[in-house]
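To start, the structure itself, in structure tokens.
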Ligand SMILES: [Cu+2]
């Protein structure tokens, strides 16, 4: 798979009926083009930085060499080009995304429009190939009446709220569109891949009076489907859901996001507990489809063995700090040996949630506050709610070098809530 991507300024209509907005875009679109690859593919991305500032592309969740990871250590200068080259690992089929990760400017550049989805396909996918697939890249933004982005001075009161909470917007975007309509046939089952590309917003998704089958998350499919009526998706997490057309032909339903309290009381938005509409799901007027048979077993997710862990790392999340420190590009915070397995214990010391992301490696969550999680899956980002502790196990099988771990609330990350793992 070979593709060219250029990040450059563009002017696009993001607000329906409103004035256009000056954005940054990959190949002229927000989100950028969806990259579809297969396990085993060698991927070559010819990237050109058409911005007037340094940038990178980070392939969020993809297991690849450290120098292809697009971390802040590998900035691409304005006007420069760079080829990202990596091979998609076996067993990593799933939904991923790409976005800039330059030092201190990730939030700004993603907010300006630089983000896109990656779909990794499994040549032996256990779900029926006949299922209609939909990709929903969720984002939110805030605009002035003239169409420009509302990016307050960091030292202003509004800027300080954005810094504390992470920047949220009142305009919810699905694939860059406000309140789009998706169509499903009565009886049909669709496979939805959902990416939370928001800077800070956590979604609690539901379609009133119906359930989903949750079949996968960050690193691909579960062993078995799990039936849910709502699902929490922290920023930068992904899920795969099976959605059934349960309405009568011609009827409509709404995918909504329910209130989710991730805030400290001092800066909790006044309308935090409002239910927001995300998209309209319209049931086609065509006759119902016959039910499709879904597999009860999806795949094996082999457990990582806790008896093999050679270290347990405690990573403490403070407000803006990891283990009491802000990011230093010249410091190594955690040194680990290539080929070893470790347990990481992420403890959130403060009164708001922090979604924790480890670059380059998938992990398996073991427990939350000591309570084992109900089923195994591969994750690269895990929300750590206020005052909670999450433990995960990770195998550093290959790819030496320096890897970032950080809070994925973009203002927190940019302000230094990040550390460096060195594998050698
Ligand atoms: Cu944070």
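The values are calculated or read from the model by the stated rules, or taken from the named source; none is laboratory data. Given the structure is predicted, the values throughout are model-derived calculations rather than measurements. Using ideal geometry, Cβ is built from the backbone for each residue, glycine included, and neighbour counts are taken over all protein chains shown.
The table for this structure:
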item: Leading residue by the ranking (nearest to residue 352 (Cα to Cα)) among those in region 233-258 that are within 19 Å of the chain's Cα centre (by Cα) and surrounded by fewer than 19 Cβ atoms within 10 Å (Cβ to Cβ); result: 258
item: Filtered residues of region 171-181 (kept if within 23 Å of residue 218 (Cα to Cα) and in a strand (DSSP E or B)); result: 172, 173, 174
item: Strands (runs of 3 or more DSSP E) enclosed by region 23-79 - at least 3 residues per element that are within 21 Å of the chain's Cα centre (by Cα); result: 35-38, 58-60
item: Which listed residue, of 195, 215, 226, 232, is assigned by TED's automatic domain parsing to the domain that holds residue 168, closer than 16 Å to residue 166 by Cβ and assigned to a strand (DSSP E or B); result: 232
item: Residue count for region 384-424, restricted to those that are in contact with a strand residue (DSSP E or B) (Cβ under 6 Å, 6 or more places away or on another chain), within 18 Å of residue 99 (Cβ to Cβ) and within 11 Å of the ligand (Cβ to nearest atom); result: 6
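Quick grid of which residues meet (1) within 16 Å of the ligand (Cβ to nearest atom); (2) in contact (Cβ under 8 Å) with a residue 24 or more places away in the chain; (3) farther than 26 Å from residue 406 by Cβ:
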site	(1), (2), (3)
275	no, no, yes
294	no, yes, yes
298	no, yes, yes
313	no, yes, no
319	yes, yes, no
341	no, yes, no
354	yes, yes, no
